[in-house]
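The values are calculated or read from the model by the stated rules, or taken from the named source; none is laboratory data. Note that the structure is predicted; figures quoted are calculated from it, not measured. Every residue, glycine among them, receives a Cβ derived from its backbone with ideal geometry; neighbour counts consider all protein chains shown.
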Amino acid sequence: MPVPGRIGRFEVVERIGGGAFASVWRAKDDALDSTVAIKVLSADWLDSADVHSRFLAEARMLRRAESDRVVRVHDIGELPDGRPYLVMTYGDRGTLEERISAGPLPWREAVEVAVEIGLALRSLHADGVLHRDVKPSNVLFRSGPDGKDRVLLGDLGLGKLLSEASTLTMIGGTPAYMAPEQAGADEPLSVRTDVYGLGALLYRTVTGRHPYDNNEIGDIAERGAPPRVRNVPAGLDAALQRALAPKPADRYGDVAEFVADLRRLLAPRRSRWLIPLGLLALAGVAAGIWYLSRPEQVEVGDGTRTISLRVPRAWAGELAGAGWDPSVLGLAPGRWPGLLVAESVAAFPGPADPRAGVFAGVLPPMSALSPQDFETRTAKPGCVAAATSPPPVAGLRAAHVRRCGVAFVADALLEVSGQQVWVQVKQSADDVTAFREVLSSVGLGRR
């Protein structure tokens, strides 16, 4: 359509976007000396009462949002031909789609943007609104008063009240970012639908490609897990796998959970590398060492004789076994049975030192971890997935092997005698046999 001279009291400068339902224009508000974006309903839909109603519903939902991360509606009006328009916040720094059109963002920058979008979604959900169309072109950047870019989430044209989402039957969304339940899978829409959309957006932002090659509507409901993401922290790959799980029940329970894991990636603590030794008493006398009939193996136990395991004799240079604090995994703080046996206890946390060792800690029984939570919470910045698959072991609930600097680190979540145990094995080689033998030897006594 030709560029209109004015829309209401606003002087139109140029068209900046739009689609089948509406056009978006940059305009000047001379009265307030500011630039705004004006969204105008397409003339093709002027006679559609349903589309007209949805257009106005978007304005109401944007007004409901109590967040400075969501595009604001400043005014609403109607053109002489009856088409409604919305006067909204203008993103003077462009869109995320424009920024990633030439390639992916560095993983840390991509995660920072995703956190901001997640906080915007959390606000919408708190106000009872489901977005349903989270994608890069709906993410705007605006200059802040401090000179830094602010992230804004916009376009609620497909938004829906959560109270109505479970009964929604119309397919809607952008195929590359749509959750299976949006395309007819036998699941209701929920906040986990937007978790999926945010995961798909982050996947593209950090890789430069969509999670799936085939984005036909008919194939979306049958999607499986997306390809793993390489050359990023393992924790980010794990978070993306969980957010993009085909079944809503396997995803994060809400956006806040997803954002919490992303924030942990942005603020790594020393404990995220391996094990926080400050929480272990470095006193070998608090634990025991028992030599087996096989000279190449050594059995060790913690100070309470609750937990025991076997390691190669060369690994048993030093022992610490006075307990550990599960808060390093995001669980309730406290002291629970745990031990660390290593060639060098002091060197165990460092990725620059390949000397071998094993940590094992009993988890509190009332705070068990799901496999997805375990993979995310044991992720380590700077580590990448190893080629070796974890070995099959009785009681194994989750496991992954990663290369961290010059060392290989394997984390496993075992169920032993009805309790969960975290086992971490560090070695200089990707030796799946040693990993399997350690895991198979873990035993629990009294508690």
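Of all residues in region 111-134, those that are in the same structural domain as Asp237 (by TED's automatic domain parsing) and within 14 Å of Asp254 (Cβ to Cβ) have Cβ atoms under 8 Å from Cβ atoms of residues that are in a helix (DSSP H, G or I) and among the polar types (S, T, N, Q), 6 or more apart or on another chain, in Gly128/Ser163; Leu130/Thr193. Number of residues in region 63-92 that are in a loop (DSSP other than H, G, I, E, B) and surrounded by 17 or more Cβ atoms within 10 Å (Cβ to Cβ) equals 7. A single entry from Asp213, Asp219, Asp194 fulfils the requirement of being part of a helix (DSSP H, G or I) and without any contact (Cβ under 8 Å) to a residue 60 or more places away in the chain: Asp219.
The condition (being within 37 Å of the chain's Cα centre (by Cα), under 23 Å from Val139 (Cβ atoms) and part of a helix (DSSP H, G or I)) is satisfied by just one residue among Arg15, Arg60, Arg26: Arg60.
Take Thr388 and tell me if it is assigned to a helix (DSSP H, G or I), hydroxyl-bearing (Ser, Thr, Tyr) and outside the structural domain of Asp261 (by TED's automatic domain parsing). So Thr388 fails the test. Among the listed residues Gly199, Gly208, identify the single one that is surrounded by fewer than 16 Cβ atoms within 10 Å (Cβ to Cβ) and not aliphatic (A, V, I, L, M). Just one listed residue meets the conditions, Gly208.
If you check Phe348 against the conditions, is it assigned to a strand (DSSP E or B) and either within 15 Å of Gln427 (Cβ to Cβ) or of a type outside the set (Phe, Trp, Tyr) (or both)? For Phe348, the condition - assigned to a strand (DSSP E or B) and either within 15 Å of Gln427 (Cβ to Cβ) or of a type outside the set (Phe, Trp, Tyr) (or both) - is not met. Does any residue of region 322-331 turn out to be over 24 Å from Gly395 (Cα atoms), over 29 Å from the mean Cα position of the chain (by Cα) and assigned by TED's automatic domain parsing to the domain that holds Ser308? Yes, region 322-331 contains at least one residue that is over 24 Å from Gly395 (Cα atoms), over 29 Å from the mean Cα position of the chain (by Cα) and assigned by TED's automatic domain parsing to the domain that holds Ser308. Among the candidates Ser389, Ser344, Ser417, single out the residue that is among the hydroxyl-bearing types (Ser, Thr, Tyr), within 30 Å of Asn231 (Cα to Cα) and over 26 Å from the mean Cα position of the chain (by Cα). Ser344 is the lone residue from the list that is among the hydroxyl-bearing types (Ser, Thr, Tyr), within 30 Å of Asn231 (Cα to Cα) and over 26 Å from the mean Cα position of the chain (by Cα).
Restricting Val134, Val87, Val139, Val113 to those that are modelled with pLDDT of 90 or more, closer than 27 Å to Val13 by Cα, of a type in the set (Val, Ile, Thr) and within 18 Å of the chain's Cα centre (by Cα) reduces the list to Val139.
Taking Leu339, is it in a strand (DSSP E or B), in contact (Cβ under 8 Å) with a residue 12 or more places away in the chain and touching a Ser or Thr at 6+ places or on another chain (Cβ under 9 Å)? So Leu339 fits the description; yes. Considering region 412-431, and only residues there that are closer than 16 Å to Arg310 by Cα and charged (D, E, K, R), the residue that is surrounded by the most Cβ atoms within 10 Å (Cβ to Cβ) turns out to be Lys426.
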